[in-house]
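Notes follow the structure.
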Amino acid sequence: MKKYLISACVILLGGVMFSCNLLDSDKEETDPDQTLGKPGNYWKGTATGYPEATATVSQNNDGNVVASLSYGGNTYQVEGKVTSEGIYDYVYSNGDRKKPFPLVKFDAKVGDKWEFNIGNQKVVREVVRKSTEDDTPYIFWMIKTIDVEETIPAGLQVKGGPSQASKILWKFNHKFGFISATVTRPNGQQVTVRQTDTNAAD
Amino acid sequence: MLFLKITIPLRGFFSAAGIVFLLLGAVSCGRTYREDEADRSMKVLNSDWVNFFSQASEKPEMKAIAFLWDQPSAPLPFPKEKFTVGKVYQPYDFEAAKGIYVWDEQTFVRQADTSVVIFRFEPDTGGVYRSAFILSDFSVAPVGSRPDFPVEMAAMLQVNGAGPLTINHQATVEEHLPLHITTELRGPDYDLKLKLNRTREQDAGTLRFTLRMDAGSQEIFSFDLDAAIGYSRQGYFFNQIYFDSRMFRHSVTGKIDYAQIDPTGADYAGSFNRHSQISLFEGRHKVGDIVLAKTADGELLDYFIRFSSGEEKLLSDYLPFLKKILNLKY
């Protein structure tokens, strides 16, 4: 369970975000000061019955972000990429920075898909919903989200072990970044990890 | 005259060399099978594997291992650490498991203390146990994922007094990843050896893996892999892979330039096929090339064998066991 939650947090809280005024730019901006991958930015998250986890950006080199994830008394390092276009991770490339996999692109439309192939297995991330108005509760506000459903084939190896999720429904906001992730396990059981605090929009 | 003295030996040399080369060519050059020949060859390969699996599973020591694996009351490392949804991971405690356990027809019952783990089973009518499994050494080191990685293991299995099966395993772990592994499983009439060596020079390195099974002087199968790898915070990833595998009378050679393959591209299969060359041979004759392509429904990708005619057939239609291996569920 711990590994499972950490895996979720690794992607979730490593998924730092950027401000909406950058979306107008055609060029993928990677300057840390212009994106929410700025060192020092943090996100806190929790799931019912589990301790709080905090991810803090410690490095940003040309959009490649390293975050320290504190969970259960341990600290882990996670990597991702943040640009003005979207958030990417290296989970399925096992850290190969030449192969970023989009977690979200803020200008994506419902039905847009990103695929990561490993041999004859395929991880699919698809935009399944995009708010047109503020409709998702977030602390004391209602916000817009872009929802990405990730489908993971059974038996896929992640970090040397079998994936402990079959689906993940991600919710992102252009200003606050990661909002929540509902992880479905192979037996159908679901766990939702929610973001509880961030300084990214400050 | 001088010219003749020089040219005659040279001409003789080239003539002799030409004959040798022609003979070598005639002996060593294989050809590519026609589709009907390749089809037969694939059926032969499947038949070889089916016979192998069937005979292996009938061996008394394999049945005994399967029996022990399925017993929740047997404190063995791997089944106890197997990932189960909703179950908190518990590492195997070799010290706590030490003892003599006997089978009482339903469960293993701990009978006595000892410095190793012993299971006695298959009792005969006189109350004597004809089979035993002894785990005499077991230790692990933490790696980047669960369970911890075994770095030392010594075990022996004797079934009905027949020649023992011994398992010896040694490994080293560095930076939370296996660095060296040497495993040998020696049965009454076969021997399975596995080796892995990994190197690292800054953010690049190599990985060499070999697996070989022999029965007496006969090689049953072998698999050799050499890879150039890169390192990341998550572990390592493959850049280039070269492999060579022999199985019964067939062999597969392959090279995959993984660094050039785009896993997120719209034409992933095309990218995979352009940057890889995987060929199947029967003896010296080429059966076909293994490629990645869309299945009949056009949705999923799978491995196909491409014959000399250009026809592509689903590999798992010929070798159904591949589906189980490639889609292993944990």
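Since every read-out is calculated from the coordinates, none of them should be taken as a lab result. Model, not experiment: these values are computed from the prediction. Heads up, the Cβs are rebuilt from the backbone with ideal geometry, glycines too, and the neighbour counts pull from every protein chain shown.
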Residues whose modelled amide H sits under 5 Å from the amide H of residue B:309, counting only those 5 or more places away in sequence or on another chain, are B:35
Averaging sequence separations of C-alpha pairs under 8 Å and six or more residues apart, then dividing by the length of chain A, give the relative contact order as a whole percent. 20 percent
Pop out the ³J(HN,Hα) list for region B:205-222 in order, Karplus 6.51 cos²θ - 1.76 cosθ + 1.60 with θ = phi - 60°, rounded to Hz; leave Gly and Pro as x. x, 10, 9, 10, 10, 9, 9, 8, 10, 10, 10, x, 8, 8, 7, 8, 7, 8
Apply the membrane-span-like helix rule to chain B: whole DSSP H runs, Cα extent along the own long axis of at least 30 Å, mean Kyte-Doolittle hydropathy at least 1.6. List the helices found. B:2-28
Any chance you could check the Cα centroid distance between region A:86-101 and region A:176-201 for me, in angstrom? 20 Å
Of region A:129-156, those with amide N under 18 Å from the point 7 Å along the Cα→Cβ vector of residue A:110 are A:129-137, A:143-150
Cα gyration tensor shape for region A:2-198, rounded if a/c is under 1.5, else prolate or oblate: rounded
Net charge near residue A:62: determine it from the other residues with C-beta under 12 Å of the C-beta of residue A:62, scoring Lys and Arg +1 and Asp and Glu -1. -1
For region B:166-227 and region B:279-330, distance of Cα centres in Å: 26 Å
By the scheme Lys and Arg +1, Asp and Glu -1, what is the net charge of all other residues having a beta-carbon under 10 Å from that of residue A:145? +1
Long-range amide H partners of residue B:140, meaning residues 5 or more apart or on another chain whose placed amide H is closer than 5 Å, are B:151
Sort out for me the Cα centre separation of region A:114-144 from region B:258-278, rounded to whole Å. 27 Å
As an exercise, identify the trypsin sites (Lys or Arg not before Pro) in region B:198-250 lying in DSSP coil whose Cβ has no more than 14 other Cβ atoms within 10 Å. B:233, B:249
What does the charge dipole of the protein assembly as shown about its Cα centre add up to, to the nearest 20 debye, if the Cβ of each Lys and Arg holds +1 and the Cβ of each Asp and Glu holds -1? 780 debye
Under-5 Å amide H pairs with residue B:239, H placed in peptide plane, nonlocal only: B:228, B:229, B:230
Whole-Hz ³J(HN,Hα) for each residue in region A:114-122, computed from phi via Karplus 6.51 cos²θ - 1.76 cosθ + 1.60 with θ = phi - 60°, x for glycine and proline: what do you get? 10, 10, 10, 9, 10, x, 9, 10, 9
What percentage of all Cα-Cα pairs in region A:124-174 are separated by more than 17 Å? 48 percent
With a sphere of radius 11 Å drawn around the Cβ of residue B:206, what net charge do the other residues whose Cβ falls strictly inside it have (Lys, Arg +1; Asp, Glu -1)? +1
By the C-alpha gyration tensor axes a ≥ b ≥ c (rounded if a/c is under 1.5, else prolate when a/b exceeds b/c, else oblate), the shape of region B:32-326 is prolate
Row for region B:49-199, column shape: gyration tensor on C-alpha, a ≥ b ≥ c, rounded if a/c < 1.5 i.e. under 1.5, prolate if a/b over b/c, else oblate; value oblate
So the FRET efficiency between residue B:93 and residue B:321, C-beta based with R0 = 41 Å and rounded to 0.05, is 0.70
Sites matching GluC sites (Glu not before Pro) across region B:88-158 that sit in DSSP coil, with at most 11 neighbouring C-beta atoms within 10 Å: B:105
The farthest towards the positive end of the charge dipole of chain B, of the residues B:136, B:47, B:114, given +1 on Cβ of Lys and Arg and -1 on Cβ of Asp and Glu, is B:47
Starting from the Cα of residue B:242, step 7 Å along the direction of its Cβ; do the same at residue B:311; then give the gap between the two resulting points in nm. 3.4 nm
Return the loop-located trypsin sites (Lys or Arg not before Pro) in region B:260-291 (DSSP other than H, G, I, E, B) with at most 16 other Cβ atoms within 10 Å of their own Cβ; answer none if there are none. B:284
Enumerate the residues in region A:110-150 having an amide nitrogen under 14 Å from the point lying 7 Å beyond the Cα of residue A:196 toward its Cβ. A:139
Using θ = phi - 60° and the Karplus form 6.51 cos²θ - 1.76 cosθ + 1.60, what ³J(HN,Hα) does each residue of region A:35-52 get, whole Hz, x for Gly and Pro? 10, 8, x, 6, x, x, 5, 10, 9, 10, x, 8, 10, 3, x, 10, x, 6
Scan chain A and hand back the longest stretch that contains none of the GluC sites (Glu not before Pro) lying in DSSP loops with at most 15 other Cβ atoms within 10 Å. A:53-132
